[in-house]
Amino acid sequence: MNSHIFDIQPLHRFSGSNAAIRRPREIAYFSYDDEHNFRLDESSMRYYYPPQPSQLPLDLSAGFDTFQKLDDAPDEHLDALLDTIVALEQNTEKKCEADIVTWRGMMTKIMTAPFDMLNGFEMNATYFQVENNTYKNAQKEIQRNQRMPPGMPSQDMMAYWGYKFETVSVIPDTWGETSREKIEGRIHEIVNNKAQYCSVVRTGFGKVKLVIGGEVDAIWDCKPVRKEDPINWVELKTTAELFNDKEKLKYERKLLKFWAQSFLLGVPKIIVGFRDRDGMLLRLEELETHGIPGKVKREGRGSWDGNICINFTATFLEWLKTIVNTEGTWRIRKREKSPVIEVFKVEESGNGGILSSSFVEWRTKQ
Ligand code: A3P
Ligand code: MG
Ligand code: MG
């Protein structure tokens, strides 16, 4: 087995001015409805409208017993993203060119790797067609097991708080088109995380062109009339209220993930819902995504550096393009606590189930 190694450390190689980056632009979208059925439309797009100050503190645990939870066991691979690309190509009668096609979650792992020694990841990639397309898909995620001390809420409950926060912070239509009853009734609405709106964007790091798909939580106002203008997306996050330095440092590390995740899709604003240890939502804070790295440097401990993340990602992806350039399936792996990313071939031919047959059929017909 021929393994190619990319050194993450030392990081000073990636400091300095930023590699060329392209602003992400939405080229397509799709939705999952309340039953998680795929739809080629924006029906699950939501509008941001925060809970009213008079509704705070708000109990994020309420309704946990009626949670309509998505069964995330089946691996959906890249299917929805590829179906959306096929539809786009059919509509525009143009090939959607890219070096890398993947989910935003995969890219977040790569982008945050310089400052996340602890966690590991594994993803599969395949090489398809002449224009160097690499298709990446998660194989599995390695995460440290977290044991909850007795008396602490369960992991499931804490995940529910995040979805509950989303439910009480969005409305299905613009404010003008939504009834007051609907807005006030949100705190009693059944929480359902099966519905999603996913934006598919074109973006770039250094010389590498990417098409990335990822969920966006809500829009601030509405989509711009001119398609090329940025969209005022909003990312919603919950986090525990900060009392001491240890908690502040933990939050600063969390901000790295919030920032990278939003940066990749061009989401300009993050709304953080601070909650207490019992899941009571206390207050909301608005963060501008582009201002987060500067804030961390100026006001925080400087535990991470956004420029380094961007330059690292550009350098790594350019390198990856030179490695994954023959038929077959590849594995991209970072072990827990490891300072390197390994890339090696796991299958000599085929696409390892990464590509849907409908996508392969469509592309080979062209
Ligand atoms: P919070 O981020 O507020 O905790 P996203 O922020 O990506 O839109 O995800 C929405 C919610 O999904 C999260 O809200 C969290 O509740 C849940 N979630 C996302 N990733 C998770 C993970 N790896 N494990 C558990 N819950 C997760
Ligand atoms: Mg989300
Ligand atoms: Mg969110």
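Just checking, which of Lys209, Lys194 is out of contact with any Phe, Trp or Tyr (no Cβ under 9 Å at 6 or more places or on another chain), in contact (Cβ under 8 Å) with a residue 24 or more places away in the chain and among the charged types (D, E, K, R)?
Values: Lys194 fails: out of contact with any Phe, Trp or Tyr (no Cβ under 9 Å at 6 or more places or on another chain).
Unique residue meeting the criteria: Lys209.
Counting only strands (runs of 3 or more DSSP E) that fall entirely inside segment 266-357 and contain at least 1 residues that are over 30 Å from Gly162 (Cβ atoms), open to solvent by less than 10 Å² (accessible area, probe 1.4 Å) and in contact (Cβ under 8 Å) with a residue 24 or more places away in the chain, the qualifying elements are 329-334, 340-347.
Okay, residues lined up against (1) under 19 Å from Val211 (Cα atoms); (2) touching a residue at least 60 places away in the same chain (Cβ under 8 Å); (3) open to solvent by 40 Å² or more (accessible area, probe 1.4 Å):
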position	(1), (2), (3)
Pro10	no, no, yes
Arg13	no, yes, yes
Ala28	yes, yes, no
Tyr32	no, yes, no
Asp41	yes, no, yes
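Going by the structure shown, is Thr329 within 19 Å of the chain's Cα centre (by Cα) and within 21 Å of Glu97 (Cα to Cα)? No: the conditions fail for Thr329.
Checking each residue in segment 222-240 for being within 16 Å of ligand 1 (Cβ to nearest atom), over 13 Å from Val267 (Cα atoms) and free of Cβ contacts under 8 Å to residues at least 60 places away in the same chain picks out Thr239, Ala240.
Report yes if Asp83 is open to solvent by 40 Å² or more (accessible area, probe 1.4 Å) and over 17 Å from Met280 (Cα atoms), otherwise no. Walk me through it before giving the result.
On the way: open to solvent by 40 Å² or more (accessible area, probe 1.4 Å): yes; over 17 Å from Met280 (Cα atoms): yes.
So Asp83 passes the test.
Which residue out of Lys227, Lys248 is away from ligand 3 (no atom under 16 Å from the Cβ), basic (Lys, Arg) and modelled with pLDDT under 95? One residue alone meets the criteria, Lys227. Of all residues in segment 172-221, those satisfying the criterion of being among the aliphatic types (A, V, I, L, M) and within 16 Å of ligand 3 (Cβ to nearest atom) are Val191, Ala195, Val216, Ala218, Ile219. Residues in segment 236-264 that are away from ligand 2 (no atom under 16 Å from the Cβ) and part of a helix (DSSP H, G or I): Asp245, Lys246, Glu247, Lys248, Leu249, Lys250, Tyr251, Glu252, Arg253, Leu255, Leu256.
Can you tell me which residue in segment 230-245 is farthest from ligand 3 (Cβ to nearest atom), limited to those that are over 14 Å from Ser303 (Cα atoms) and open to solvent by 30 Å² or more (accessible area, probe 1.4 Å)?
Asn244
I need the full set of residues from segment 260-282 which are touching a helix residue (DSSP H, G or I) at 6+ places or on another chain (Cβ under 9 Å) and either of a type in the set (A, V, I, L, M) or more than 20 Å from Arg104 (Cβ to Cβ) (or both), in order please.
In the first step, residues of segment 260-282 are kept if they are touching a helix residue (DSSP H, G or I) at 6+ places or on another chain (Cβ under 9 Å); the result is 260-273, 275, 279, 281.
Those that are touching a helix residue (DSSP H, G or I) at 6+ places or on another chain (Cβ under 9 Å) and either of a type in the set (A, V, I, L, M) or more than 20 Å from Arg104 (Cβ to Cβ) (or both): Ala260, Leu264, Leu265, Val267, Ile270, Ile271, Val272, Gly273, Arg275, Gly279, Leu281.
What is the one condition in (1) in contact (Cβ under 8 Å) with a residue 40 or more places away in the chain; (2) open to solvent by 30 Å² or more (accessible area, probe 1.4 Å) that Lys94 does not satisfy? The single condition Lys94 does not satisfy is (1).
The values are calculated or read from the model by the stated rules, or taken from the named source; none is laboratory data. Here the structure is a predicted model, which is why all the values come from computation and not from measurement. Neighbour counts are summed over all protein chains in view; Cβ atoms, including those assigned to glycine, are modelled from backbone coordinates with ideal geometry. Calculation scope for accessible area: heavy atoms of the full protein, side chains included, ligands and nucleic acids excluded. Shrake-Rupley method; radii C 1.70, N 1.55, O 1.52, S 1.80 Å.
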